[in-house]
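Inspection log for the structure reproduced underneath, given as structure tokens.
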Amino acid sequence: MKTPVSWIREYVELPPDVTTEQLAARLTALGLKVEAIEKPGENIRGPLVVGQVLTMEPEPQKNGKTIEWCQVDVGDANGTGEPQGIVCGAHNFEPGDLVVVILPGGVLPGDFEISARKTYGHVSAGMICSSRELGIGEDHEGIIVLPEGAGRPGDDARPVLGLDQEVIEFEINPDRAYALSLRGVAREAGLAYDAPYRDPARRSVPEPNDDGYPVVIEDPAGCPVFVARVVSDIDPGAATPDWMARRLALSGMRPISLAVDVTNYVMLELGRPIHGYDADKLQGPIRVRRATEGEHLTTLDGVDRTLSAEDLVVTDDSGIIGLGGVMGGETTEMSSTTTRVLVEAAHWDAVSMFRTGKRHRLTSEAGKRNERGVDPVITPAAADRVVELLVRYGGGTAEPGVTVVGQAPPRQPIGMATDLPARISGVDIPAEVAVASLAKVGCVAGADGYTPPSWRPDLTDPYDLVEEVVRVVGYDRVPSILPREAAGRGLSREQRLRRRIGRTLAGAGCVEVISFPFVGEANFDQLGLPADDVLRKTVRLANPLSAEEPSYTTTLLPGLLRAAARNLGRGTPGVALFETGTVAFPADRGPAPIYGVEWRPSDDELAKLFEAIPAQPLFLAVVLAGERERAGWWGAGRTADWSDAIGLVRRLGDELAVEVEVTSASRMPWHPGRCAQVSVAGVEFGHAGELHPQVCAAFGLPARSAAVEVDLDFLMSRAVDVVPGPEFSTFPVAKEDVALLVPNDVTAAEVEAALREGAGEHLESIRLFDVYTGDQVGAGHKSLAFALRFRAPDRTLTEQETSTARDAAVALAAERCGAVQR
């Protein structure tokens, strides 16, 4: 919200010596966030004056361009009083017009210095300026032509152009909708300086009568108040007054035409959105109702919109003529020939406005205010203000009919103990100060409590009133006190385990990321999931951020794979990313019951609510792509593969003291021959391995990228809280290597498990160090070589003990896996 300081001063008697910076600081202290302070003319230095064109001679040039050689009266600003000769390339003016001239010695935005220089055969002593050259607009095709009476030649042009105006731009929070108006900001300025404030909405308005335009409200909850006034005999050629156009421009709005500009001006002034209809295009009474599902309306932006049954619409006998509170329709749009205008000032349900705007992806200045909540009491005053301006500047006549349907919803008083602000804030706020502070913001004290003002729909409970008291007293008086930590509390078991897991993955070179947990069918197609895959059965959101991804995810891989591809695409040679987050699986118990908020639900009602909540286990996903080990003087590098993925799961198992079992599996999105199922005590909790080539191509990842996805809740439920430290022996290790011949369908993990069990208690470690296939082992077989290391804690093992343990391990591998020692 851009607010010219001069416009604020029109409604509040600020001290004359208050600077814009001081005012902005005070308003910030009251809770209005200042985005910027704009000073449109601060980059223009030197003489910028009003000039009057005396003569202009067109001179064609060899390059095909025609320039105007002008004599311009700039009064005594040039020190001589003689006309100034200036070359101009624009042609949108004529002798007698008032223009803006910067004289030699002046500087335009961009440090563009103006001097007398020879060009096109003349000495051009200055420049006739366009809006873009002055930094106040984008028009560069023609120069600025000032209205008649804007000034005398030689006068400073800054006040005429509004370049002496300073503007404060605010970022308005959703709960402070009243500040989306000069009325609201000026009220806050008066509060900041305890200065007299004049409410621009306080005006005498004509009483409603039966002669007004007929209006029927079929949905009073959606539209409690509707005011209609008609102005006829408007001059369609009447121009917007210069002061109004300047204020609109300073506020960030482009002047269009008198009728449109007046409605925009009143919206900025009072905060009440106004809509104008070409009254001659209306057919029959105006009605406000909910749309029928599937009805259509072409709005003023030219878009044909399919309406929902939740949309509030304005209709006449011809059909729908507007999307209530958001945007009007094309059929009754005001045009350059409109002479009779019906002014609509209506109050709309804020929730309906928000949902309509989001549903249709339609943002308008009116919708922005209506969806936050607007003062419903000032609708007659806002309509009357528009009528007044159209009559004064458009030459129109206010028709005697005044239509007012409905009334503003009453505000309910809020009970609050007068010592509550002091107890909540920690500031010594006497009761009389609390009461006076609430009166300053418009609350009225009564027997039942404090009734909030009509322009503050955000005040609904005692703690809202506490905030108002504290901000008036001063946020800077609230002490900073750290809360005392309750004795005996610390991290929960889950928090400790999650930190251990995060440290383990970080130690393995992985980086944690967070992605949006939303998916669509296209994401599952990229993962190559079958049509009947359980992961495709999702919880669909009622109000998704994106229509392409309307469901809560059942897998963390889509977001993680996109993040990996994005980083690789920006030049990263290799990525190792991990994410922990919840996924959701439908409960299939029907929709959750909806209870009122008047009382706490019973235990049975709460149980039914929790039954409808989908299962949301905590998952962990890891993606490894590109370089895993870089090449250098030390040797060749290595890209990530399936072994790194499985190695990470094993490493997590070691960290949590959980024995992880690895078996081959086939599961999309992993490669069917390089996918491992990971389990604990025979219970599967995830998969790891190399991604399918089609999945790599779909996400733009390098071939043979690897991924892990496991149920972290399951893994943590079996974790050991305190992992015992390793036991060390000072006695020497005994080394035994065995090479076993097994069929190709036997996995190394199965052979390793058999060797580990058969080797006995003195086996310290076992490692697969070679896999061989070829003519020497025969077709359908492979040779697996394992390094076995034995050690006893209390003695040196004898050769007979280690060979006996080795033979027992080989025998068990032969029995279970059909292994034959080479």
* Asked: Per the helix-only calculation at 222 nm, which mean residue ellipticity applies to the chain, given -39500 (n - 2.57) for every DSSP H run of n ≥ 4 and division by its residues, nearest 500 deg cm²/dmol?
  -> -8000 deg cm²/dmol
* To do: Return, ordered by residue number, the residues of region 805-822 whose backbone nitrogen is under 18 Å from a label point located 7 Å along Cα→Cβ of residue 757.
  => 805-820
* Structure fact -> The percentage of Cα-Cα pairs in region 144-251 separated by more than 23 Å is 60 percent
* Asked: Using a basic spin-label model with each label point 7 Å from the Cα along Cα→Cβ, how many nm lie between residue 820 and residue 254?
  -> 8.6 nm
* Bridge type composition, the chain - antiparallel percent by DSSP, nearest 5 -> 95 percent
* Asked: Counting only Cα, what are the radius of gyration and maximum Cα-Cα distance Dmax of region 1-148, in Å?
  -> 19.5, 63
* Structure fact -> The alpha-carbon pair-distance distribution computed for region 505-596, with 5 angstrom bins and whole-percent values, is 3, 12, 19, 20, 17, 12, 8, 4, 2, 1, 0, 0
* Can you tell me the 0 to 90 degree angle between the C-alpha axis of helix 557-569 and the longest principal axis of the chain, rounded to 10? => 80 degrees
* Structure fact -> Counting only protein heavy atoms and rolling a 1.4 Å probe, one gets per residue an accessible area for region 208-254 in Å² of 45 Å²
* Structure fact -> the chain -> Rg/Rh from Cα coords, Kirkwood Rh, value 1.12
* So what's region 674-735 giving for Cα Rg divided by 2.2 N^0.38 Å, two decimals? -> 1.73
* Asked: Magnitude of the Cβ-charge dipole of region 13-123, K/R +1 and D/E -1, about the Cα centre, nearest 20 debye?
  -> 420 debye
* **By accessible area with a 1.4 Å probe, ligands and nucleic acids excluded, highest first: order of 363, 299, 397** => 363, 397, 299
* To do: Calculate what fraction, in whole %, of the accessible area of region 737-822 sits on carbon and sulfur atoms when a 1.4 Å probe is rolled over the protein chains.
  => 47 percent
* **Relative contact order computed over region 218-322 (Cα-Cα under 8 Å; 6+ residues apart), in percent** => 20 percent
* Asked: How much of residue 213 can a 1.4 Å solvent probe reach, expressed as accessible area in Å² and rounded to 10?
  -> 40 Å²
* **Cross-link pairs 62/118; 39/118; 2/368; 33/440 - those with Cα-Cα distance over 25 Å** => 39/118
* residue 612-residue 684 pseudo-label distance in nm [points 7 Å out on the Cα-to-Cβ vector] -> 3.3 nm
* Structure fact -> Note: residue 233 to residue 117 extended length (0.36 nm per residue) minus current alpha-carbon separation gives 36.5 nm
* Structure fact -> With R₀ set to 35 angstrom, the calculated FRET efficiency between the beta-carbons of residue 309 and residue 211, to the nearest 0.05, is 0.50
* To do: Starting from the eigenvalues of the Cα gyration tensor, five times each then square-rooted, give me the equivalent ellipsoid semi-axes of region 301-360, largest first, whole Å.
  => 22, 13, 11
* Per residue and in Å³, how big is the convex hull formed by the alpha-carbon atoms of region 646-770? -> 151 Å³
* Asked: Just in region 163-239: which trypsin sites (Lys or Arg not before Pro) are loop by DSSP and have at most 15 other Cβ atoms within 10 Å?
  -> 198, 202, 203
* For region 340-481, how big is Rg over Rh, using alpha carbon atoms and the Kirkwood form of Rh? -> 1.10
* Structure fact -> If R0 = 35 Å, then residue 600 and residue 362, at their Cβ-Cβ distance, give a FRET efficiency to the nearest 0.05 of 0.35
* To do: From zero up to wherever the largest Cα-Cα distance of region 178-237 sits, split into 10 Å bins and tell me the percent of pairs in each.
  => 15, 26, 31, 23, 5
* Heavy atoms only, probe 1.4 angstrom, no DNA, RNA or ligands counted: give me 599, 670 ranked by accessible area, highest first. => 599, 670
* Asked: Rounded to the nearest 10 Å², what accessible area does residue 416 show when all protein chains are kept and the probe is 1.4 Å?
  -> 30 Å²
* When only C-alpha pairs under 8 Å and at least 6 residues apart count, what is the relative contact order of the chain, in percent? -> 8 percent
* Structure fact -> Protection proxy (average C-beta count within 10 Å per residue), highest first, orders 84-91, 217-224, 685-692 as 685-692, 84-91, 217-224
* Report, largest value first, the span of the C-alpha coordinates of region 59-123 along each principal axis, in whole Å. => 34, 30, 20
* If each of residue 42 and residue 747 carries a label point 7 Å out from its Cα toward its Cβ, how far apart are those two points in nm? -> 6.8 nm
* To do: Just subtract the alpha-carbon distance of residue 506 and residue 533 from 0.36 nm times their residue separation and send over the number in nm, one decimal.
  => 6.5 nm
* Structure fact -> With every protein chain kept in place and a 1.4 Å probe, the residues 62, 440, 2 fall, from largest accessible area down, as 62, 440, 2
* To do: Calculate, for residue 444 and residue 697, the FRET efficiency according to 1/(1 + (r/R0)^6) with r their C-beta to C-beta distance and R0 60 Å; round to the nearest 0.05.
  => 0.30
* Asked: Listed highest first by mean packing, meaning other Cβ atoms within 10 Å per residue, what order do 243-254, 525-536 come in?
  -> 243-254, 525-536
* **Amide H within-cut-off set for residue 792, under 5 Å, with H built and near neighbours excluded** => 797
* Contour minus end-to-end for residue 638 and residue 785, with contour as 0.36 nm per residue of separation and end-to-end as the Cα-Cα distance? -> 50.7 nm
* To do: Taking the chain as the reference, fit the longest principal axis to its C-alpha atoms, fit the long axis of helix 431-440 to the helix C-alpha atoms, and give the angle between the two in degrees, 0 to 90, nearest 10.
  => 60 degrees
* Structure fact -> Once normalised by the length of region 575-680, the mean sequence separation of its alpha carbon contacts under 8 Å that are 6 or more apart gives a contact order in percent of 22 percent
* For region 518-571, what is Rg from Cα atoms divided by 2.2 N^0.38 Å, rounded to two decimals? -> 1.21
* Structure fact -> Among the Cα-Cα pairs of region 413-452, the proportion with separation greater than 13 Å, in percent, is 49 percent
* Asked: So what is the diffusion coefficient of region 382-462 in µm² per second by Stokes-Einstein at 4 °C and 1.567 mPa s, using a Kirkwood Rh over Cα pairs?
  -> 81 µm²/s
* Could you pull the accessible area for residue 136 with a 1.4 Å probe, rounded to 10 Å²? => 70 Å²
* Could you tell me how many degrees, from 0 to 90 and to the nearest 10, lie between the Cα long axis of helix 603-612 and the main elongation axis, the longest principal axis, of the Cα atoms of the chain? => 80 degrees
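The values are calculated or read from the model by the stated rules, or taken from the named source; none is laboratory data. Please read all numbers here as calculations on a predicted model, not as lab measurements. FYI the Cβ positions are ideal-geometry reconstructions off the backbone, even for glycines, and counts take in every protein chain you see. Surface accessibility is based on the protein's heavy atoms, side chains included, excluding ligands, DNA and RNA. Shrake-Rupley method; radii C 1.70, N 1.55, O 1.52, S 1.80 Å.
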